[in-house]
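Engineer: Before I ask anything, let me first share the structure, which is written out below as structure tokens.
The values are calculated or read from the model by the stated rules, or taken from the named source; none is laboratory data. Given the structure is predicted, the values throughout are model-derived calculations rather than measurements. Positions of Cβ are backbone-derived with ideal geometry, glycine not excepted, and every protein chain shown enters the neighbour counts. Note: areas computed on protein heavy atoms with side chains; ligands, DNA, RNA excluded. Shrake-Rupley method; radii C 1.70, N 1.55, O 1.52, S 1.80 Å.
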Amino acid sequence: MKKVVKFGGSSLASAEQFKKAGDIIRSDEGRRYVVPSAPGKRYDADIKVTDMLYDCYRAAAAGESIEKKLFLIQKRYQEIIEGLSLSLTLDDEFAVIREAFENQAGEDYAASRGEYLNGIVMAEYLGYEFLDSAQYIFFDKKGNLDLERTDECLGAKLAEVERAVIPGFYGSSWDGKVKTFSRGGSDVTGSIVARAVQADIYENWTDVSGFLVTDPRIVDNPAVISTITYKELRELSYMGATVLHEDAIFPIRKEGIPINIRNTNRPLDPGTMIVESTCNKPKYTITGIAGKKGFASINIEKDMMNGEIGFGRKVLEVFEENELSFEHMPSGIDTMTVYVHQSEFESKEQNIIAGIHRAVNPDFIDLESDLALIAVVGRGMRRNRGTAARIFAALAHAHVNVKMIDQGSSEMNIIIGVENRDFETAIRAIYDIFVMSQM
């Protein structure tokens with residue numbers, strides 16, 4: 001087995017957490033390539049090292065002294081080094097960082113140093129080779145990952161290295177400067193490394209035992225999803241699920257490499273497997289429930305709308321002209337509703353209303369605000385009759401008024417619109433009918 005393991009910031013926040021990660025890596029000979037994040041919070045009131053670096057760099061850019069701020073960052077690493085009993089010093093590295101900050105090397109450079117330094121410590125702790133990601137991960141002139149060049153360069157290097165540490169979150173831009181990923185950086189790096197070495201599995205170690213069926217802030221101790229497909233993950237991530245950003249999947253999706261989300265603090269928990277497809281039947285009819293608040297709807301009515309060619313296109317062009325994307329667009333014979341983010345819509349609402357009138361001459365336009373969208377997702381929904389009926393029966397029993405229903409053609413998700421005030425109640429009701437009732 002050839003495994004790539006990525007550890008998040010909470011998993012490497014202290015020497016104690018480092019030791020847990022080390023035990024996990026050493027317990028399996030297949031865990032040959034390690035992608036570390038920067039040290040995260042050790043406790044709730046703590047500060048992430050990345051945030052400390054940002055603060056330090058901005059002080060340098062403003063012409064302020066950074067000695068104290070840089071000392072506190074170095075102290076964080078020194079505590080880890082001493083806690084691991086390593087004979088390692090980062091003095092030279094911090095001297096380079098100080099000079100780079102004073103010469104305004106850029107915020108991307110500053111942010112990347114957290115992973116860079118943690119990678120050096122991790123490599124020393126494990127006895128693995130350290131590879132600076134800036135030499136092997138590349139971005140093009142548009143700021144997008146150059147996956148082909150990266151795959152070729154990183155793959156060739158790792159073919160020569162039996163075991164290595166590759167810091168997450170950054171690479172280098174076309175002009176040689178350090179550049180960070182915009183979202184899910186270390187997760188993306190792990191995926192890139194897994195692709196480059198054609199890994200059997202990519203393990204993503206964090207502080208939760210996999211994906212949960214729904215938000216634990218809404219439902220107490222929700223069930224863990226044992227297996228989820230890429231398509232299901234995309235649907236849930238889009239609607240707010242955040243354990244693993246969807247951008248982390250694209251480098252390995254076509255390679256068929258599964259991702260295993262695991263808990264550093266509970267290493268025996270199997271976690272969640274993310275796969276392209278599976279014959280394994282899900283434990284519950286649904287895989288997950290996710291949602292967001294803060295939407296508005298634009299309801300358009302016009303007699304004989306369905307017979308007017310180009311009606312929908314003309315309406316959507318109005319939103320395009322106002323640089324506003326839409327989320328969902330359910331329609332009837334003489335009605336069409338467009339859902340948008342309320343915060344983006346409010347400053348443009350009158351322009352959009354006037355534009356719709358000019359474009360399609362509707363009989364009536366009505367706006368509704370303070371709405372929430374909830375996605376009920378699951379590959380098992382295709383095989384079970386009455387899923388929608390159970391959802392709406394549960395919502396009716398919970399006295400939740402449904403404002404919108406939209407089901408995808410894949411029959412893998414149902415989007416439900418409710419008022420913001422009913423958001424949590426609706427999620428709990430759906431969870432209870434599909435999960436609690438089957439326990």
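Engineer: Return yes when VAL219 is among the β-branched types (Val, Ile, Thr), under 24 Å from SER37 (Cβ atoms), open to solvent by 10 Å² or more (accessible area, probe 1.4 Å) and not in a helix (DSSP H, G or I) and no when it is not.
Structural biologist: So VAL219 does not fit the description; no.
Engineer: Report whether or not ILE25 is among the β-branched types (Val, Ile, Thr) and either touching a residue at least 60 places away in the same chain (Cβ under 8 Å) or assigned to a helix (DSSP H, G or I) (or both). Steps first, please.
Structural biologist: Details: among the β-branched types (Val, Ile, Thr): yes; either touching a residue at least 60 places away in the same chain (Cβ under 8 Å) or assigned to a helix (DSSP H, G or I) (or both): yes.
Taking the combined requirement at face value, the residue satisfies it.
Engineer: If a residue has to be over 15 Å from ASN260 (Cα atoms), touching an Asp or Glu at 6+ places or on another chain (Cβ under 8 Å) and open to solvent by less than 20 Å² (accessible area, probe 1.4 Å) to count, how many in the stretch 1-29 make the cut?
Structural biologist: Selection size over the stretch 1-29: 3.
Engineer: Of the residues ARG42, ARG32, which single one is touching a residue at least 12 places away in the same chain (Cβ under 8 Å), open to solvent by 40 Å² or more (accessible area, probe 1.4 Å) and in contact with a strand residue (DSSP E or B) (Cβ under 7 Å, 6 or more places away or on another chain)?
Structural biologist: Numbers: ARG42 fails: in contact with a strand residue (DSSP E or B) (Cβ under 7 Å, 6 or more places away or on another chain).
The conditions single out ARG32.
Engineer: Now a separate question. If you go through the stretch 259-271 one residue at a time, do you hit one that is farther than 22 Å from ILE137 by Cβ, among the small types (Gly, Ala, Ser), over 15 Å from the mean Cα position of the chain (by Cα) and at pLDDT 90 or above?
Structural biologist: yes
Engineer: Looking at (1) assigned to a helix (DSSP H, G or I); (2) open to solvent by 10 Å² or more (accessible area, probe 1.4 Å); (3) out of contact with any helix residue (DSSP H, G or I) (no Cβ under 8 Å at 6 or more places or on another chain), which one does TYR431 not meet, given that it meets all the others?
Structural biologist: (2)
Engineer: Select from the stretch 232-262 the residues that are surrounded by 20 or more Cβ atoms within 10 Å (Cβ to Cβ) and of a type in the set (S, T, N, Q) and list them in ascending order.
Structural biologist: SER237, the sole residue that qualifies.
Engineer: Take the residues in the stretch 337-380 that are of a type in the set (D, E, K, R) and outside any strand (DSSP E or B); name whichever of them is farthest from ILE433 (Cα to Cα).
Structural biologist: Per the criteria, the residue is ARG358.
Engineer: Part of a strand (DSSP E or B) and at negative phi, is that true of ASN265?
Structural biologist: no
Engineer: Out of the residues in the stretch 175-207 meeting the condition of being open to solvent by less than 50 Å² (accessible area, probe 1.4 Å) and in a loop (DSSP other than H, G, I, E, B), tell me which one is farthest from MET436 (Cα to Cα).
Structural biologist: Residue satisfying both the conditions and the ranking: VAL197.
Engineer: Scan ALA354, ALA372 and give me the residue that is loosely packed, with under 13 Cβ neighbours inside 10 Å and at pLDDT 95 or above.
Structural biologist: Of ALA354, ALA372, the one residue that is loosely packed, with under 13 Cβ neighbours inside 10 Å and at pLDDT 95 or above is ALA354.
Engineer: When the residues of the stretch 320-333 are filtered to those that are within 23 Å of ILE374 (Cα to Cα) and outside any loop (DSSP other than H, G, I, E, B), which remaining residue is most open to solvent (accessible area, probe 1.4 Å)?
Structural biologist: Once the filter is applied, the top-ranked residue is SER331.
Engineer: I need every pair where a residue in the stretch 62-78 that is on the phi < 0 side of the Ramachandran plot and in contact (Cβ under 8 Å) with a residue 12 or more places away in the chain has its Cβ under 7 Å from the Cβ of a residue that is surrounded by 10 or more Cβ atoms within 10 Å (Cβ to Cβ) and part of a loop (DSSP other than H, G, I, E, B), sequence separation at least 6 or different chains.
Structural biologist: GLN74/LEU90; ARG76/PRO39; TYR77/LEU90
Engineer: Out of (1) open to solvent by less than 30 Å² (accessible area, probe 1.4 Å); (2) in a helix (DSSP H, G or I); (3) polar (S, T, N, Q), what's the single condition that is false for ASN306?
Structural biologist: Evaluating ASN306 over (1) open to solvent by less than 30 Å² (accessible area, probe 1.4 Å); (2) in a helix (DSSP H, G or I); (3) polar (S, T, N, Q) leaves (1) as the failure.
Engineer: Which of the residues spanning the stretch 81-91 are hydrophobic (A, V, I, L, M, F, W, C) and closer than 17 Å to LEU53 by Cα?
Structural biologist: LEU90
Engineer: Go through the stretch 124-138 and give me each residue that's open to solvent by 10 Å² or more (accessible area, probe 1.4 Å) and farther than 10 Å from PRO167 by Cα.
Structural biologist: GLU124, TYR125, LEU126, GLY127, TYR128, GLU129, GLN135, TYR136, PHE138
Engineer: Which one of these is in contact with a Ser or Thr (Cβ under 8 Å, 6 or more places away or on another chain) and under 24 Å from MET239 (Cα atoms): SER331, SER325, SER347, SER343?
Structural biologist: Only one candidate qualifies: SER331.
Engineer: Quick check on the stretch 398-406. Is at least one of its residues under 30 Å from THR278 (Cα atoms) and open to solvent by 10 Å² or more (accessible area, probe 1.4 Å)?
Structural biologist: yes
Engineer: Can you find, within the stretch 407-423, the residue that is most open to solvent (accessible area, probe 1.4 Å) among those that are of a type in the set (D, E, K, R) and touching a strand residue (DSSP E or B) at 6+ places or on another chain (Cβ under 9 Å)?
Structural biologist: This residue is ARG421.
Engineer: Considering only residues that are more than 22 Å from ALA15 (Cβ to Cβ), surrounded by fewer than 22 Cβ atoms within 10 Å (Cβ to Cβ) and among the polar types (S, T, N, Q), which ones fall in the stretch 86-119?
Structural biologist: The answer is ASN103, GLN104.
Engineer: Restricted to the stretch 262-297, and to residues that are touching a helix residue (DSSP H, G or I) at 6+ places or on another chain (Cβ under 7 Å) and among the hydrophobic types (A, V, I, L, M, F, W, C), which residue is nearest to GLU16 (Cα to Cα)?
Structural biologist: If we take residues in the stretch 262-297 being touching a helix residue (DSSP H, G or I) at 6+ places or on another chain (Cβ under 7 Å) and among the hydrophobic types (A, V, I, L, M, F, W, C), then ILE274 is nearest to GLU16 (Cα to Cα).
Engineer: Right, next: Which residues, counting only those in the stretch 62-83, are open to solvent by 50 Å² or more (accessible area, probe 1.4 Å) and either part of a helix (DSSP H, G or I) or of a type outside the set (Ser, Thr, Tyr) (or both)?
Structural biologist: ALA62, GLY63, GLU64, GLU67, LYS68, LYS69, PHE71, LEU72, LYS75, GLN78, GLU79, GLU82, listed by residue number.
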